[in-house]
Amino acid sequence: MSVQRLTPSQTLGPFYGFALPYEDDSIIVRDGDLHVTGSVYDGAGQLVPDALIEILQPDGRGRFHAEGFHGFGRCSTRPEGHFAFTTVKPGPVAEGEAPHLAVIVHARGLLLHLHTRMYFADETEANATDLVLNAVPEQRRHTLIGEATEDGVRFDIRLQGENETVFFDV
Amino acid sequence: MTPYRRDGLEAHPDRDFPDYKSTRLRHPKEPLVVLRDPETELTQPVLGAGPIGPLDDNLTRQHPGEPIGERIIVTGQVRDGNGIPLSDQLLEIWQANAAGRYAQAEDAHPAPLDPNFSGVGRCLTDDRGFYRFTTIKPGPYPWRNHDKAWRPAHIHFSLFGTAFVSRLITQMYFPGDPLFPYDPVMKSVQDDAARRRMVASFDLDATEDQWATGYRWDIVLRGPEKTLFEDESGMQS
Ligand SMILES: [Fe+2]
């Protein structure tokens, strides 16, 4: 056993659409009552039609790897720049943490994927004390909070520019 | 939660790399917010992608006929930064055909499609962390980044590792490709040694007589900081 040097990251390129999507990849929980939808925008405000969003989350009680629950989903933004997941609202992972989804953004033109998180607008109290949210400058915090819609939550991701989404060095 | 190692992360490219034009509007300009040892991102995703089919690791057997091209075997070991082999790891690969054309409708490169080649593979690593694919060598292909822009031949790889922070999407290149010095995607990895780690080696052991040439490509994913036990024994039981 010895220290090994990391294999560097490269973009997934423009042509992953025939390879990475799989059946029901964006259904994290079948018949889940939470629909997370959103769009990805670039620094010019244009939709990014060749991104791939991946989500990791615990179940409704904050447990990862609970029996029958895998908590991972994937959705390509092809062909127009939008994504949609079906899931359930996660429970808090630990005492004092606000419920959230961990989100990875891959895209053509992105040489190393980005980590972000989606929090919930109806968790005002938990959000106010969440350590991660509190580490984010207050005026940018709103970019991590999904907006309630009729049947779920809308979470737009802005890679650059005005209202740029907060991304994490994790 | 065991923290994950941060040494060596500088091997990755900067997201802002002007020679690769599409990075211009797609990299964040605000500083990243530091998140240390977050439980969610240190959790290993359990993939719901379903079982691997018997032909998923052999890209030359997914259609009635043989694909055109140079039949190759690509194999290697997946380890974490501590050198620990990672078993049961899902690898997803995708690539162009021998003529440099992807089996995706948007690929407008006027090179022939191959009805016997889709260019998509999946497999799990074995108990020693090894993967093995049989495929054909992809061709280089043009893109619109700059005048006479051609990508060196490559196979795209996707892996997960032992935590969400170990996630890796990358590209494997072939030794001696004359296009390396002109490719901004590869050159975005600025350290020579790190760039070489993306290049496979010809491997006589993996080569099969009268059948296929072999390439060896090992992959290292971000791993946890060493535990005291591993430090003391120097070995994994
Ligand atoms: Fe490619």
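The values are calculated or read from the model by the stated rules, or taken from the named source; none is laboratory data. This structure is a prediction, so every number in the text was calculated from the model and none was measured. Cβ coordinates were reconstructed from backbone atoms using ideal geometry, including for glycine residues, and neighbour counts include every protein chain displayed. Surface accessibility is based on the protein's heavy atoms, side chains included, excluding ligands, DNA and RNA. Shrake-Rupley method; radii C 1.70, N 1.55, O 1.52, S 1.80 Å.
Take B:Leu86 and tell me if it is under 24 Å from B:Glu10 (Cα atoms) and touching a Cys at 6+ places or on another chain (Cβ under 6 Å).
For B:Leu86, the condition - under 24 Å from B:Glu10 (Cα atoms) and touching a Cys at 6+ places or on another chain (Cβ under 6 Å) - is not met.
Give region B:99-112 a look and list any residue that's open to solvent by 40 Å² or more (accessible area, probe 1.4 Å) and in contact with a Gly (Cβ under 6 Å, 6 or more places away or on another chain), or say none.
B:Ala103
Of the numbered conditions (1) closer than 30 Å to A:Met118 by Cα; (2) surrounded by 18 or more Cβ atoms within 10 Å (Cβ to Cβ), B:Ile73 satisfies every one except a single condition; which is it?
Against the list (1) closer than 30 Å to A:Met118 by Cα; (2) surrounded by 18 or more Cβ atoms within 10 Å (Cβ to Cβ), B:Ile73 comes up short only on (1).
For region A:113-145, which residues satisfy the criterion of being crowded, with 21+ Cβ neighbours inside 10 Å and part of a loop (DSSP other than H, G, I, E, B)?
Across region A:113-145, the qualifying residues are A:His113, A:Asp130.
Would you say B:Asp57 is within 17 Å of the chain's Cα centre (by Cα) and without any contact (Cβ under 8 Å) to a residue 40 or more places away in the chain?
no
Which of the residues spanning region A:1-40 are hydroxyl-bearing (Ser, Thr, Tyr) and open to solvent by less than 30 Å² (accessible area, probe 1.4 Å)?
The answer is A:Thr7, A:Ser9, A:Thr11, A:Tyr16, A:Ser26, A:Ser39.
Step by step: first the residues of region A:41-69, then only those that are facing chain B (nearest Cβ under 7 Å) and open to solvent by 50 Å² or more (accessible area, probe 1.4 Å), then the one that is nearest to A:Val105 (Cα to Cα). Which residue is that?
Among those residues, the one meeting the criterion is A:Ala44.
Looking only at region A:146-164, which residues are open to solvent by 20 Å² or more (accessible area, probe 1.4 Å) and under 18 Å from B:Pro28 (Cβ atoms)?
Passing the criteria: A:Asp156, A:Arg158, A:Gly161, A:Glu162, A:Asn163.
Within 14 Å of the ligand (Cβ to nearest atom), open to solvent by 40 Å² or more (accessible area, probe 1.4 Å) and either away from every other protein chain (no Cβ under 11 Å) or not hydrophobic (A, V, I, L, M, F, W, C) (or both): is that true of B:Pro152 in this structure?
Spelling it out, it is not the case that B:Pro152 is within 14 Å of the ligand (Cβ to nearest atom), open to solvent by 40 Å² or more (accessible area, probe 1.4 Å) and either away from every other protein chain (no Cβ under 11 Å) or not hydrophobic (A, V, I, L, M, F, W, C) (or both).
Within region A:70-84, identify whether any single residue is assigned to a loop (DSSP other than H, G, I, E, B), among the hydrophobic types (A, V, I, L, M, F, W, C) and either farther than 23 Å from A:Phe168 by Cβ or modelled with pLDDT of 95 or more (or both), and answer yes or no.
Checking region A:70-84: not a single residue is assigned to a loop (DSSP other than H, G, I, E, B), among the hydrophobic types (A, V, I, L, M, F, W, C) and either farther than 23 Å from A:Phe168 by Cβ or modelled with pLDDT of 95 or more (or both).
Return a yes/no flag: does region B:187-202 have any residue that is within 16 Å of the ligand (Cβ to nearest atom), more than 10 Å from chain A (Cβ to nearest Cβ), touching a residue at least 24 places away in the same chain (Cβ under 8 Å) and in contact with a helix residue (DSSP H, G or I) (Cβ under 9 Å, 6 or more places away or on another chain).
Within region B:187-202, one or more residues are within 16 Å of the ligand (Cβ to nearest atom), more than 10 Å from chain A (Cβ to nearest Cβ), touching a residue at least 24 places away in the same chain (Cβ under 8 Å) and in contact with a helix residue (DSSP H, G or I) (Cβ under 9 Å, 6 or more places away or on another chain).
For region B:26-140, which fully contained strands (runs of 3 or more DSSP E) count at least 1 residues that are facing chain A (nearest Cβ under 8 Å) and under 23 Å from A:Ala102 (Cβ atoms)?
Counting at least 1 such residues, we get B:71-80, B:90-95.
Does A:Leu101 satisfy being within 11 Å of chain B (Cβ to nearest Cβ), touching a residue at least 12 places away in the same chain (Cβ under 8 Å), surrounded by fewer than 16 Cβ atoms within 10 Å (Cβ to Cβ) and within 23 Å of A:Gly60 (Cα to Cα)?
Judged against the criteria, A:Leu101 is not a match.
Considering region B:67-94 alone, what residues qualify as being more than 16 Å from the ligand (Cβ to nearest atom) and within 13 Å of B:Ser118 (Cβ to Cβ)?
Once the filter is applied, which keeps residues that are more than 16 Å from the ligand (Cβ to nearest atom) and within 13 Å of B:Ser118 (Cβ to Cβ), region B:67-94 yields only B:Pro67.
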